[in-house]
Every structure is written in C-alpha cells, then in structure tokens.
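Asker: Quick one: this structure, given as structure tokens, is what I'll be asking you about.
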Amino acid sequence: MRMQPQPNLTAETIATTSSPAVKTECADAPAETSIVELSFEERRERAELLGHLHRKRSFRKGGESLFDTKRFTPMQYAELFELLRDPDPRLWRERILAAGTLSCSPVRGEQKRAAVQTLEAILGNTQMSAGRRLVSRLCRAYGASYLVGLSLMLVLQALDWIFGVSDRMDPIEIGMIALFSVVWSLVNAVLLSPLVFPVYIATTVRRQNRIRGAAAMALGRMGQPESVGMVARTLCDRSSVVRQAAFEALHALQPQLTPDHYGHLDSALTLNLCRALRQETPEYEEDEPEPAGEARRMALLQTLEKVGDGRAVASVEALMRSACSRSVRQEAERILPVLQARHRQENDPKILLRGAATPATKTEELLRAAANSVEEKPEQLLRMPGEEAENTERSPI
C-alpha cells in the first residue's frame, strides 16, 4: 500500500524512522518480541477487515504485508504511523489494522512516544476540531446525496432510451439532456440530504468509534502508564464500543501503575475514575447479574488505590453503601484508609505546596522595590523614615 506523506509530519519523527539506532532496534524483529498477543476477537476482526481490503488493487499489490505482526521493519513503522495520522474516513479499515499492528510491534524510544501521542489523539477524538469534522461530514454526505440523485437520473434516462425515445433525438439534444441530468442531480441532492445525512453521519460515527476502540486497545498493549489519563476520560464515553475497549485498556495498564505515580499523572484522572465508578455502581443487586460489572468496579478501585487522591473518598464511601457484592465492598473498605490518608495529607495546613516552576531570576541580580510616584535616582540609597527625620532636626537653620 502506497501512502502519501503527511505535511504535518515533523522532521524529528521522520529522522527517528531512518536513523541507524532505530534500525537496530526494530529491524526484522520476530513475533516473540510483541508486548501482548492479539485476542480471539481482534484476530477475527482483522481477518474480516483484511477480507474487505483484498478487493482493493493497491492493497493486493503489497498492502497485506504492511499489517504483518510477525516481522517488523522501520519502513513499516513509518507507513503505519502515517496511516494513524491520516483522518480520512475512507481509510477506517486500514487505520484499525494499523493501530493493532503497531501496538504489537517492538517500538521503543521516540517512536513509541510518537505512536502513543497519536493513539491518544485518536482515542480522545482530537485529531480534528469539532467544527472541521462536522463540515467534512456534511460535505461528504452531500456528495453521497449527489451520487444517489445522479444514479436515479441515469436510471430514468436508461429507461427512456430502452423504450426508443432517444432514437428520434440528435446529439445536441442528447447533450442537453445529459447537462440537465447533472444540474437536476444537484437539486435532487439538496432534496435527498435530509434522508442521506443521518444515515451517512451515523455510519461515519460508528466507524470512527471502532477506530477509537482499536486505539484504546493499542494503548493498553503498549503499556505506557501516562496513557491511563486518556483511557480514564473515555470510560464514560457514549459509545459502548469505546467504553468496553477503555475498560480492557485499563485492565492492561493497571499492572504498570504503582503508588509512585500518585500525583504525577493527569490531574483529572481521579475525577474520571470516580465518575466511571459512580456509573458502574448499581442501585439494586439485580441490576447487573453478570460478573462484568464487578470486574470493572474492582479494576477502578485498584486503580484508585495506586494513583487516586483524596477526591475519591466520597465515591468509595458511596460504593460501600450501595448494593454491590460483598467482595467489592470489602475491596472498597480496604482502600478507603489509603485515600483518607492522602486526603488528610493534601489538606494539612502545615505542609507547604511547592511551586510548579521556579521563577527565572538570576542569582546575581537584586530585586528593586515597586515603583513609587516620586522618581528617585537608582544609585541613591533608601533611608529609614526615622533617620531622615533625625537628620532634619540636627541640621542648622
């Protein structure tokens, strides 16, 4: 598959894909160096996507080797990275495969950081602004409406020609009818837009959510603890596909978290985890009989134990009073003292908070007093008020 280079690709990222150090890291790496093997559902999804892509001529020429997880080369990384950065909705199958392939590849260093940042942007749906994304979808939906209207006009013209009406027309009339068909298709596109827009946008959003779910799974396999902040933001996403993938990514990232990460991750991490915990808290015991909800609550509690702050105390106490299972309540009782201790430490007035950054002031420079209304010479020393009054009394008249 031949990919066109993106104009916003930085020179630093391109240099990392062609430097000798990166080649020694990733050249022809065997499959055993993959971080995590693909699950059965992911392998089935990949097989389905590859089956659809086989219909493309450009893909049959060499695109299948691009998504091979058994062998990995720096050139393969560059093409996969370009696919992830390209927000073209027509490449949604390729982007899902690229996310899964890249997460199973032995990338390290700057390559891994760049891949993680791109995957976080995909999961957070921030590759394009909301306004630009809406305009792009509306334009593509109008294009689809135009194609539908033009197809209807072609069908009508074909029926007209089948019944022999076109035999009595000269070439000029046929050309005028063809031009009229094109113009009338533009008008029909406006009339068909209310019917085509909802279907097209719903299809595009569903495909985009599949890409975001693949990005969440890829972040979980890549195992960067800093990614838990973005994963926690999507635990309450509107899409069930994204939510499920985010919880699976949280399960994969949880072993990488330690209490040393407390206070060093996203400031909104605790709030997002608590919101997900409240959403997973049942009001009645029969609300969720399957064990999936219990597993999610246990994962959220264990994550709060490692990186949560004092803001999680209220949510954990509410979980203890809810209709959860006994094991979940026992786990909440176990981690509650940890969160309460952090809450006391964060609100202790005797503990001084350290600034985020020291002021950029040279040590050899002296600070001057605030400017007064009376201008004074910079070389003149300031005198005490009492000393000035005493000198005035001693001075002869």
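Residue-by-condition table, conditions (1) farther than 30 Å from A141 by Cβ; (2) crowded, with 22+ Cβ neighbours inside 10 Å; (3) polar (S, T, N, Q):
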| position | (1), (2), (3) |
| --- | --- |
| L80 | no, yes, no |
| L83 | no, yes, no |
| P87 | no, no, no |
| W92 | no, no, no |
| A98 | no, yes, no |
| L102 | yes, yes, no |
| P106 | yes, no, no |
| Q111 | yes, yes, yes |
| Q117 | yes, no, yes |
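Asker: With the structure loaded, tell me whether V196 is among the β-branched types (V, I, T), over 21 Å from V116 (Cα atoms) and outside the structural domain of S39 (by TED's automatic domain parsing) or whether it fails that test.
Answerer: yes
Asker: To continue, here is another question. Condition (residue is under 20 Å from I211 (Cβ atoms) and at pLDDT below 85) applied to region 26-36: is it met by at least one residue?
Answerer: yes
The values are calculated or read from the model by the stated rules, or taken from the named source; none is laboratory data. Because the structure is predicted, anything quoted here is derived from the model rather than measured. Every residue, glycine as well, gets a Cβ built from its backbone with ideal geometry; the counts of neighbours run over all protein chains shown.
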